[in-house]
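Read the structure below first, then the notes.
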Amino acid sequence: MDASHPEGGASVGWVTVEEWSGSSASALSRTAILTASASSLTSRRFGSRLGRISSRMLGAFVPEGFPGSVTPDYAPFQMWDTLQGLSTYIRAMLSTQALLGAIGVGEQSATVIGATFQWFLRDLTGMLGGILFTFYQGSNLDSNAKMWRLVADFMNDLGMLMDLLSPLFPSSLIVLMCLGSLSRSFTGVASGATRAALTQHFALANNAADISAKEGSQETLATMLGMGLGMLLAHITREHALSVWVSFLSLTMFHMYANYKAVQSLSLTTLNSERASILLQYFKECGEVLAPQQVSQQEHILPFWSSWRKLIRVKLPHERVHLGAKASMLTHTDMLEIAKTRSHYENANYLLLYKEGTVRIFIHKQATPADVLKSFIHGLVLANLTEDGKIQHAEACQWMIEKYTTFISKLQIEGYSTERLLSHSIVWRAHWLHGQLDEKLK
């Protein structure tokens, strides 16, 4: 705003006020200028009415302050995620049509109570499946959000396939319905949990609630478009089984590709076991840490990759470290080994034991999240230094004393969150008394 008037006088010369529009201070555009004098008011507007309306409408689908209020990987992820969601809702119309036909909708011989009972069993199976999946895998969803995101959508594809197969096997209808519902229950749990983790990752301006709300708007739009296109496709392919299957399988292939591209575009800054291992390996070789985008390119995100490695007996560095080992499984030999090496861990809230090619980490019952992260890095260093069965406890401890603080500092500079290690839930902890250990082992 500019203004001028004679010093000490009562009359006003002129004043100018500019109007700016935008969701954040870094994304403003001038929309109007008003200039007033003693006898007149002039105004000038910038931009078209259509442009202002479209800007308002866009605000219903993107977070306030976009793109400055979110991480750079938000836009590509949301683009691919919206496309995969669109294909899902189109296929849902085909699979739902098949399922309704299988339970007898439109047939005079079908009964209301029969269809209701079948639908009840379907929903009950899904509810129980969701509870069991949460019980067995709930604590792992945070640490492997990318992989579980892919697993969730794969299980959703499998559930739709069961629905589409149901008319072909009328004698196994209940089984197929329950299997489909079970698959979708896994999808609901895994997708919801990983979405929460990703929302926290995207939120640069403490705007997780806004991002979540706009995600809901985007999904609603994709749902409406998908349902409309799905109804059209279902009408076109009605009574043409081959066309239904070709359409379904084509859309499923696109859905899997879009999901992979969405997950691949993510550059997470939290530390899980694999990301920590990749970063440590590069730091030991070059003295620097990789950017999140570079680490993302080296991560293994396919859900069946770990199972395949187990079959061919290949272990990645982080798979040679067992975090949160169970103390009651220690043998007498193990206890003697701990007694020999305990001096290296006198000031640590963890103990390391190298056994059968794996570093087992025993976490103290009073260990903090920072201690857990440090113990895992220490375990990785020990696993990397140990060759031909020669265990290098002293060398690993020396590396931790000299390099660990520098490593953590460089991670923080690159934007990584070093408060904790995202890992499976550490159920088993331990307590030890160094002063009495020798007496017990004599």
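If I ask for residues that are open to solvent by 30 Å² or more (accessible area, probe 1.4 Å) and farther than 15 Å from Leu132 by Cα, which ones from the stretch 163-192 would you list?
To start, the set of residues in the stretch 163-192 that are open to solvent by 30 Å² or more (accessible area, probe 1.4 Å) comprises 165, 167-172, 174-175, 179, 182, 184, 186, 188-189, 191-192.
Once the filter is applied, which keeps residues that are open to solvent by 30 Å² or more (accessible area, probe 1.4 Å) and farther than 15 Å from Leu132 by Cα, the stretch 163-192 yields Leu165, Pro167, Leu168, Phe169, Pro170, Ser171, Ser172, Ile174, Val175, Ser191, Gly192.
Any residue at all in the stretch 245-266 that is over 14 Å from the mean Cα position of the chain (by Cα), open to solvent by 40 Å² or more (accessible area, probe 1.4 Å) and small (Gly, Ala, Ser)?
yes
I need the full set of residues from the stretch 118-138 which are in contact (Cβ under 8 Å) with a residue 12 or more places away in the chain and closer than 30 Å to Tyr257 by Cβ, in order please.
Arg122, Thr125, Gly126, Gly129, Gly130, Phe133, Thr134, Gln137, Gly138
Is there a residue in the stretch 148-161 that is open to solvent by 20 Å² or more (accessible area, probe 1.4 Å), touching an Asp or Glu at 6+ places or on another chain (Cβ under 7 Å) and part of a helix (DSSP H, G or I)?
Within the stretch 148-161, none of the residues are open to solvent by 20 Å² or more (accessible area, probe 1.4 Å), touching an Asp or Glu at 6+ places or on another chain (Cβ under 7 Å) and part of a helix (DSSP H, G or I).
Can you confirm whether the stretch 168-190 contains a residue that is under 27 Å from Ala75 (Cα atoms), assigned to a helix (DSSP H, G or I), free of Cβ contacts under 8 Å to residues at least 12 places away in the same chain and out of contact with any Asp or Glu (no Cβ under 7 Å at 6 or more places or on another chain)?
No, there is no match, as no residue in the stretch 168-190 is under 27 Å from Ala75 (Cα atoms), assigned to a helix (DSSP H, G or I), free of Cβ contacts under 8 Å to residues at least 12 places away in the same chain and out of contact with any Asp or Glu (no Cβ under 7 Å at 6 or more places or on another chain).
Give the stretch 124-140 a look and list any residue that's at pLDDT 85 or above and surrounded by fewer than 17 Cβ atoms within 10 Å (Cβ to Cβ), or say none.
Across the stretch 124-140, the qualifying residues are Leu124, Met127, Leu128, Ile131, Leu132.
For residues in the stretch 53-91 being under 30 Å from Met253 (Cα atoms) and small (Gly, Ala, Ser), which is surrounded by the most Cβ atoms within 10 Å (Cβ to Cβ)?
Ranking the qualifying residues of the stretch 53-91, first place goes to Ser87.
On the given criteria, is Glu215 part of a helix (DSSP H, G or I), open to solvent by less than 70 Å² (accessible area, probe 1.4 Å), out of contact with any His (no Cβ under 9 Å at 6 or more places or on another chain) and acidic (Asp, Glu)?
Working: part of a helix (DSSP H, G or I): yes; open to solvent by less than 70 Å² (accessible area, probe 1.4 Å): yes; out of contact with any His (no Cβ under 9 Å at 6 or more places or on another chain): yes; acidic (Asp, Glu): yes.
Yes; evaluated as a whole, the condition is true for this residue.
Listed residues Met147, Met160; which is modelled with pLDDT of 90 or more and on the phi < 0 side of the Ramachandran plot? Lay out the reasoning, then the answer.
Values: Met147 fails: modelled with pLDDT of 90 or more.
One residue alone meets the criteria, Met160.
Tell me, yes or no, whether the stretch 226-242 has at least one residue that is free of Cβ contacts under 8 Å to residues at least 12 places away in the same chain and surrounded by 14 or more Cβ atoms within 10 Å (Cβ to Cβ).
No, because not a single residue in the stretch 226-242 is free of Cβ contacts under 8 Å to residues at least 12 places away in the same chain and surrounded by 14 or more Cβ atoms within 10 Å (Cβ to Cβ).
The values are calculated or read from the model by the stated rules, or taken from the named source; none is laboratory data. Computed from a predicted model, the values in this text were never measured in an experiment. FYI the Cβ positions are ideal-geometry reconstructions off the backbone, even for glycines, and counts take in every protein chain you see. When the accessible area is computed, the model is the full protein with side chains, heavy atoms only, and any ligands, DNA or RNA have been set aside. Shrake-Rupley method; radii C 1.70, N 1.55, O 1.52, S 1.80 Å.
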